[in-house]
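Trainee: One structure, pasted below without further comment.
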Amino acid sequence: MWKELIARHAGEVEVGFTAPATDDALSGAAQTLGHPLPAELISVLRESNGIVGEYGYDLVSPLQTITQRNLELRSSFSDLYMAFDQLLFFSDVPGNGDLFGIVLVPGQSDQVFLWDHETDSRRWAASSVQEFVERWLNGVIQEQLGCEA
C-alpha cells in the first residue's frame, strides 16, 4: 500500500525503500518506549523499515532511529523543552534539526505535528501519516510550514 501511495505522489522524486521491520522489532520498540506504536506507523514499517526521500533524508525514519531519537529527546532534553511524551517523532526536516511527530494523545492520535527545535513550537502538519507523506511529496508541507527539502 505505502509503495503504491508514494509512487502515485512522488513524481520525479527518488524514494528508497528497505526491508520491512519484523514484528519482534516492532514489539521490542514499543516495549522500550513504554507505549504502543501508532497503527499507521506500524503499517509503514511493516512494508519498509524507513523510507528514504530525495537527497537521502528520512521521509520515515527506520525503527531503530525512531526508538533512539525518542528515548534521547525524552530523557536528555527535559530541561530545555516542553515534554515530548505526547509525541512520537518519526521524520525529520532535512538538515535543520526540526522533527515531525505523531500525537499519542487519545482522541488526537495520528495527527502529525512539526516540532521546531529552536522555538520549541509545535505546528500541525497533517491529520495522519498517510496525509503527511502525500503532503510532503507534493510540496504542501514545505510551502505551508516553511520547511526546505
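Trainee: Output the number of residues of segment 121-149 satisfying the condition of being open to solvent by 20 Å² or more (accessible area, probe 1.4 Å) and in a loop (DSSP other than H, G, I, E, B).
Mentor: Counting residues in segment 121-149 that are open to solvent by 20 Å² or more (accessible area, probe 1.4 Å) and in a loop (DSSP other than H, G, I, E, B) gives 8.
Trainee: If you don't mind, another one. What is the residue count in segment 36-52 for residues that are in contact with a strand residue (DSSP E or B) (Cβ under 8 Å, 6 or more places away or on another chain) and of a type in the set (Gly, Ala, Ser)?
Mentor: 2
Trainee: Just one of Ser121, Ser109 is at pLDDT below 85 and of a type in the set (S, T, N, Q); which is it? Walk me through how you get there before you give the answer.
Mentor: Values: Ser121 fails: at pLDDT below 85.
Exactly one residue qualifies, and that residue is Ser109.
Trainee: May I pose another question? Take the residues in segment 68-99 that are in contact with a Cys (Cβ under 9 Å, 6 or more places away or on another chain) and of a type outside the set (D, E, K, R); name whichever of them is most open to solvent (accessible area, probe 1.4 Å). Lay out the reasoning, then the answer.
Mentor: First pass over segment 68-99, keeping only residues in contact with a Cys (Cβ under 9 Å, 6 or more places away or on another chain): 93-94, 96, 98.
Right, trim to of a type outside the set (D, E, K, R) and you get 93-94, 96.
Numbers: Val93: 2, Pro94: 34, Asn96: 63 Å².
Only one residue tops the list, namely Asn96.
Trainee: Same structure, new question: Go through segment 1-106 and tell me which strands (runs of 3 or more DSSP E), entirely inside it, have 1 or more residues that are among the aliphatic types (A, V, I, L, M) and over 19 Å from Asn138 (Cα atoms). Don't jump to the end; show me each part of the working.
Mentor: Numbers: elements: 58-60, 87-92, 99-103.
The qualifying strands (runs of 3 or more DSSP E) are 87-92, 99-103.
Trainee: Being under 11 Å from the mean Cα position of the chain (by Cα), of a type in the set (A, V, I, L, M) and at pLDDT 85 or above narrows it down to one residue among Leu104, Leu88; which is it?
Mentor: After ruling out the rest, the residue left standing is Leu88.
The values are calculated or read from the model by the stated rules, or taken from the named source; none is laboratory data. These numbers were taken from a predicted model, which means no experiment stands behind them. Positions of Cβ are backbone-derived with ideal geometry, glycine not excepted, and every protein chain shown enters the neighbour counts. SASA here: full protein model, heavy atoms, side chains in, ligands and nucleic acids out. Shrake-Rupley method; radii C 1.70, N 1.55, O 1.52, S 1.80 Å.
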